[in-house]
Structure formats: C-alpha cells, structure tokens
1. Could you tell me which of the residues 98, 23, 91, 73 is surrounded by fewer than 16 Cβ atoms within 10 Å (Cβ to Cβ), among the aliphatic types (A, V, I, L, M) and closer than 25 Å to residue 10 by Cβ?
2. Which one of the conditions (1) surrounded by fewer than 15 Cβ atoms within 10 Å (Cβ to Cβ); (2) more than 16 Å from residue 121 (Cα to Cα); (3) at pLDDT 95 or above does residue 16 fail to meet, given that it meets all the rest?
3. Here is a list: 78, 39. Which entry is closer than 13 Å to residue 26 by Cβ, basic (Lys, Arg) and either assigned to a strand (DSSP E or B) or in contact with a helix residue (DSSP H, G or I) (Cβ under 9 Å, 6 or more places away or on another chain) (or both)?
4. Kindly check whether there is at least one residue in region 11-30 that is within 17 Å of residue 80 (Cβ to Cβ) and touching a residue at least 60 places away in the same chain (Cβ under 8 Å).
5. Only residues that are in contact (Cβ under 8 Å) with a residue 60 or more places away in the chain and hydrophobic (A, V, I, L, M, F, W, C): list them for region 37-83, please.
Amino acid sequence: MLFEPDRGSAFSLSSEAHGSAVVVHVSGELDYRSAPVLREHLSPLWDRSEVSALVVDLSAVAFCDSVGLGELVEALQRSESRGMRLMLAGVQGVLARVLSITGLRKAFEIHPDPGAALRRAAEGASPAP
C-alpha cells in the first residue's frame, strides 16, 4: 500500500509466510498517516492460530514518529495477548536511538535482520532477559 507522492512519503507493506512465522516488511515513514495502515495489515495475522511469530522488518523505515512508535508498542501488546511472539528486525538509525532513549528497546525482541529473527523463532525460545 502506498501513499501518493503529493500526500506524503511512500509507505508500503508486504508479508511473507515462513512456516509458522510471518515476516512483515515495512518501508517508508511510520508516522501518524501510516500507523493505522500497519495496524490494519497486522490485524488479520493476529487471528491466524497457525502463526506463532510475527517479524516486523523495519530495515527500510526512514522515519518513525511517536504515533508509529505507539503502534509498535500496541502491536507487541496485541501479539502477547494472543500468545504470539513479536520480533523487530533491521532496527537502525533514529528508530534504534528512540527505542534506547525511551527504554522500549528492552521491551522488544530485536534482531539484526529478518533471517536472524526467523532462525530464533524456529528455535522456539525467547531470548534471556
């Protein structure tokens, strides 16, 4: 899904299944305009009992505002309430710094790339605190 160039930055989402895990690739700016699009994209995944892990690939996210950050926190809470694991991958730049400054980095399971997250999901164990 894309925003039109004259209405803001391009934002796109795509998903691909990997066994019982789904990787959601996010690209563009995760902000007040795009956060509801992410929620809408994730909602049907939370209802799929065969999905045990969601990997949100943020490596192509150029910007994330407080609404986008709030949407990631809400996604974590919704996933946990359904017994589903939420992992972030490719967190870098400003988003990595904001997660560290706010203390939210400790709340999320973060991996360098989707492949690393998928390997960890396949092991079935959450990381040690």
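The values are calculated or read from the model by the stated rules, or taken from the named source; none is laboratory data. Source: prediction; values computed, not measured. Neighbour counts are summed over all protein chains in view; Cβ atoms, including those assigned to glycine, are modelled from backbone coordinates with ideal geometry.
1. Of 98, 23, 91, 73, the one residue that is surrounded by fewer than 16 Cβ atoms within 10 Å (Cβ to Cβ), among the aliphatic types (A, V, I, L, M) and closer than 25 Å to residue 10 by Cβ is 73.
2. (2)
3. 39
4. Checking region 11-30: at least one residue is within 17 Å of residue 80 (Cβ to Cβ) and touching a residue at least 60 places away in the same chain (Cβ under 8 Å).
5. 53, 55 - these are the residues of region 37-83 that are in contact (Cβ under 8 Å) with a residue 60 or more places away in the chain and hydrophobic (A, V, I, L, M, F, W, C).
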